[in-house]
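Colleague: My structure is below; once you've seen it, I'll send some questions.
The values are calculated or read from the model by the stated rules, or taken from the named source; none is laboratory data. Predicted, not measured: the structure shown is a model, and the values here were computed from it. No Cβ is skipped: glycine too gets one built from the backbone with ideal geometry, and neighbour counts run over all protein chains shown. When the accessible area is computed, the model is the full protein with side chains, heavy atoms only, and any ligands, DNA or RNA have been set aside. Shrake-Rupley method; radii C 1.70, N 1.55, O 1.52, S 1.80 Å.
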Amino acid sequence: MAVIITSRADGFRRCGTAHSSIPVEYSDEHFTADELAVLQAEPMLIVEIVTDEAIKATSKPIRKTKE
């Protein structure tokens, strides 16, 4: 599983991270459960929780974080 976050405004900050307007993939362990809840409730962010298979099947560009 992975978390893909896209910001509606490039550089928008939440939970100590500047989020990009280009989708960025994070491991499901990158954020705590509380942080993930905050991110999902934030209207400036699009937060998707997806399987690894769904990521491989997509054609949209997704940047991976370095962890």
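Colleague: Can you report the number of residues in the range 31-53 which are open to solvent by 50 Å² or more (accessible area, probe 1.4 Å), of a type outside the set (Ser, Thr, Tyr) and more than 10 Å from the chain's Cα centre (by Cα)?
Modeller: 10
Colleague: Shifting gears a bit: With the structure loaded, tell me whether GLU67 is open to solvent by 70 Å² or more (accessible area, probe 1.4 Å), in a helix (DSSP H, G or I) and modelled with pLDDT under 95 or whether it fails that test.
Modeller: no
Colleague: Which numbered condition in (1) more than 12 Å from the chain's Cα centre (by Cα); (2) without any contact (Cβ under 8 Å) to a residue 12 or more places away in the chain is the only one that ALA9 fails?
Modeller: Every condition holds for ALA9 apart from (2).
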